[in-house]
Amino acid sequence: MHLLTGRNLFITGLLISALVPVTASAQEPEEEESEEPSFGTFGGSAMIASDYMFRSISNSNLRPQVQADMNWSHDAGFYLGVWASNTDFGGTGNSMELDPYVGMAGNFGESNFSYDIGYWSYNYPGSPFDLNYGEVYVYVTWTLDDFSITPSVWYADNYFGEDFLDEVSALAYEVTLAYQLPDNFSISARVGEQRFESAFDNLNYVYYDIGMDYSIEDWTLDLRWYDTDGVDPFLARPKLTDGEAVFSITRSF
């Protein structure tokens, strides 16, 4: 399905590039040429990290992570993409997480506020169990000079699929603070809580991380401390939730 979507986008881009020259040549010489329609921008990133952390829980059994992302975005704010990583979650036989996503991002007029609303689908293609699920997310960011604060919420109506917590809803809410330092350094901290519907509220837990990154051109180096509080062993083994420092290198393109 995702290959078909990508093919349709590519064909649409070819049609736009083919039609624009014809329209321009039909105009009178003294008329100003119309602005060429924008098809959007393709981008992505690749990352290696000493661990795969998801809400401060190791998803790679304390082993390194290799992650990649490919996405397309339009000037109007619409975007879609596919994110992939190795993982130790998903049951015996599964070693990959493959997550398509779609959303809309933009600014609230001329204010210092921006938003990002979308849907993220978690998929474990090699798993013998049905653990696939999705989350709707909403981010709102307020920026002032080099400082930003971003509250966000993620909602799932069937957390971790039918073979884990079938039809159990969950809500993760968090706040991230970030500050841009001189010489391409920045610091950030996040605190959040993963909550489950009342019948399973014994599974609620708090997660947080704090770290510093350094960016130069298309490269980013990040060192971050992750930790949790109150994770039930039913959700993850204790060794996967202990505090841990994680180093990552990201290349954007």
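The values are calculated or read from the model by the stated rules, or taken from the named source; none is laboratory data. These numbers come from a predicted model, not from an experiment. Virtual Cβ from ideal backbone geometry, glycine too; neighbours counted across all protein chains shown. These area figures cover heavy atoms from the full protein model, side chains too; ligands, DNA and RNA do not enter into them. Shrake-Rupley method; radii C 1.70, N 1.55, O 1.52, S 1.80 Å.
The distance between label points at V168 and F78 comes to 3.7 nm (points 7 Å beyond Cα on the Cα→Cβ vector). With the simple model of a label 7 Å out from the Cα in the direction of the Cβ, Y214 to K239 spans 3.2 nm. Under the rule a/c < 1.5 gives rounded, and otherwise a/b versus b/c splits prolate from oblate, where does the chain land using the Cα gyration tensor? Because a/c hits 1.5 or more and a/b exceeds b/c, the chain counts as prolate.
Atom-type composition of the exposed protein surface of the chain places 61 percent of the accessible area on carbon and sulfur (1.4 angstrom probe).
How high is the relative contact order of the chain? Use alpha-carbon pairs under 8 Å, at least six apart in sequence, and give a whole percent.
Values: 586 pairs, mean separation 33.1, N = 253.
Relative contact order here is 13 percent.
Taking amide H positions as placed in the peptide plane 1.01 Å from N, state which residues far from N61 in sequence (5 or more) or on other chains have amide H under 5 Å from it. HN-HN under 5 Å from N61: D88. In this simple spin-label approximation, A105 and S121 carry label points 7 Å from Cα along the Cα→Cβ vector, and these lie 2.1 nm apart. Each of the peptides 81-88, 195-202, 61-68 was scored by the mean count of other Cβ atoms within 10 Å over its residues; in descending order, highest first, they stand as 81-88, 61-68, 195-202. Using the Cβ-Cβ distance between Y179 and D157 with R0 set to 25 Å, the FRET efficiency from 1/(1 + (r/R0)^6) comes to roughly 0.10.
Entry comment: accessible area of the stretch 63-138 is 51 Å² per residue, from protein heavy atoms only and a probe of 1.4 Å.
Rolling a 1.4 Å probe across the protein heavy atoms gives the stretch 158-253 an accessible surface of 56 Å² per residue. Paramagnetic label reach from L144 (point 7 Å along Cα→Cβ; backbone nitrogen cut-off under 17 Å): within the stretch 105-129, residues 111-114. Taking the C-alpha atoms only, the angle from helix 2-25 to the longest principal axis of the chain is near 20 degrees.
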